[in-house]
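K.L.:
Below is one structure. I have some questions about it.
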Amino acid sequence: MALIEVKIPPLGESISSGILAKWHVADGDTVRKDQPLFELETDKITSEGTAEVAGRISLRVAPGTEVKIGQVVATLNTAVATAAPAGGAAPASVPAAGSTAAPKTPVAPLSPAARRVAEETGVDPASIPGSGKGGRVTKGDLLAAAAVAAAPASVSAPVSAPAAATPTAVPAAAPAAAPTVTAASASPAAPGARQSRRRLSPLRKRIAERLVQAQHEAAMLTTFNEVDMSAVMALRARYQDEFVKRHGLKLGFMSFFTKAVVHALREVPTINAQFAGDEVVQNHFFDVGVAVSTEKGLMVPVIRNADQLSMAGIEQAIADAAKKARDGKIALSDLEGGVFTITNGGIFGSMLSTPILNSPQSGILGLHAINERPVAVAGQVVIRPMMYLALSYDHRLVDGREAVTFLVKVKQAIEDPSRLLLAL
């Protein structure tokens, strides 16, 4: 029998540990080469571990466990790589010919989550039929059986768990006896529970630390302006179809604002600088971060050399980065080295906000919802699609005059996009 160790892969010099958030396979499954095995959450990114070879997997670490880089979390038995279809689950036991009863599951083939529930509740997995593949007892089976066992004696309830392990097997009279959701568990709260708990993910914990750090270390101030979106909206409407045919993707607002930010950074280079101890580092490149909301938290992938990209190039780079972030495929290198950040709360309907600096950057531009409002133009009241802009900046380095000038340059570029072509 050839056993191959499954280890936590290196993710970067600054990452030494993480949380094994989820297994994509069950203990005893036969997996194929390159099949995703687990999801690892760190304080910077979420990544997947894959199988280097095909084989039957034996899990050594329960989900929710903190693991170190290089730690062995499972083994693969390559001798049985072809004993079952790739990715299929090996049955815990095979019933005798002609038998209709589901096989009993001993403790050993249980998944780590199910094994933990069995230990916490004292339910014997061999005493209940399983609803999993090959009659395997699942975590849901054990939770349902534990809830039934904890019900008052006067309540009559079936001992066996239902085929789908649904909460309807739990007697309505016993909500207080529902099992507590542990910190490492991703299970929903039991019916009737008033509270549930979950462990703070390393990424969310790191986001919280960085936001507090930014507010403590920087003299953060926010200045506001508003921009008439009529010109950009008219330009998009005029060329959208042709743009899509030529480039295969839509022309969005973010490419205009990215170009406008690069233009403004050239005009006000102080905002393209940052503190480094007792020194001020002046950046002469334009790697712009674009905030992306994901289920794991806010990430800021960086669009490299935004000044050298076309509008289509910026749109493609943003789309690719956003997809990688939401799919959990983003790498640490995708998030490092930005000089300025753009965040768009307007896609969620935000009218106005004060964005927090992405340390050690000295500026962040907040975009907001576009709403038609009455404005005065040439002595007349007209209705225009207006957006509020918010620039938060580090007042230790950037003065109010520079911040206001930067925001005016962005406003001018959006209200008259031809200025971008003429560098005005």
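No lab work stands behind these numbers, since they all come straight from the coordinates. Fair warning: this is a prediction, and the values are worked out from it, not measured in the lab. Reconstructed Cβ throughout: ideal geometry from the backbone, glycine too, with neighbour counts over all protein chains shown.
K.L.:
Give me E279, E402 sorted ascending by neighbouring Cβ count inside 10 Å, so fewest comes first.
P.N.:
E279, E402
K.L.:
Find how much the distance from S353 to R60 grows on full extension, using 0.36 nm per residue of separation minus their present alpha carbon separation; answer in nm with one decimal.
P.N.:
Net length gain for the segment: 100.9 nm.
K.L.:
Shifting gears a bit: Need one number: nm distance between label points at S16 and V80, each 7 Å from Cα along Cα→Cβ, rounded to one decimal.
P.N.:
3.8
K.L.:
Distance between Cα centroids, segment 309-381 to segment 262-283: provide it in whole Å.
P.N.:
What the calculation gives is 19 Å, centre to centre.
K.L.:
Continuing with the same structure: What ranking, highest mean first, results for peptides 392-399, 62-69 when packing means the other Cβ atoms within 10 Å averaged over each residue?
P.N.:
Per-residue Cβ counts within 10 Å, averaged per peptide and sorted highest first, yield 392-399, 62-69.
K.L.:
By how many nm would the segment from V408 to L249 lengthen if fully extended, with 0.36 nm per residue of separation less the alpha-carbon distance?
P.N.:
Fully extending the segment from V408 to L249 adds 54.3 nm.
K.L.:
Given the pairs K250/K411; K296/K411; K329/K409; K245/K323; K7/K323, which span a C-alpha to C-alpha distance of over 31 angstrom in this model?
P.N.:
In this structure, K296/K411; K329/K409 exceed 31 Å between Cα atoms.
K.L.:
By how many nm would the segment from L298 to R204 grow when fully extended, if each residue of separation counts as 0.36 nm and the alpha-carbon distance is taken off?
P.N.:
My answer for the length gained is 33.0 nm.
K.L.:
Which value in nm describes the separation of the simple spin-label points at E5 and D278, placed 7 Å from the Cα toward the beta carbon?
P.N.:
4.7
K.L.:
Take L142, L3 and order them by how many other Cβ atoms sit within 10 Å, fewest up front.
P.N.:
L3, L142
K.L.:
Distance in nm between label sites at S418 and Q380, each 7 Å beyond Cα in the beta-carbon direction?
P.N.:
For the pair S418/Q380, the computed spacing is 2.0 nm.
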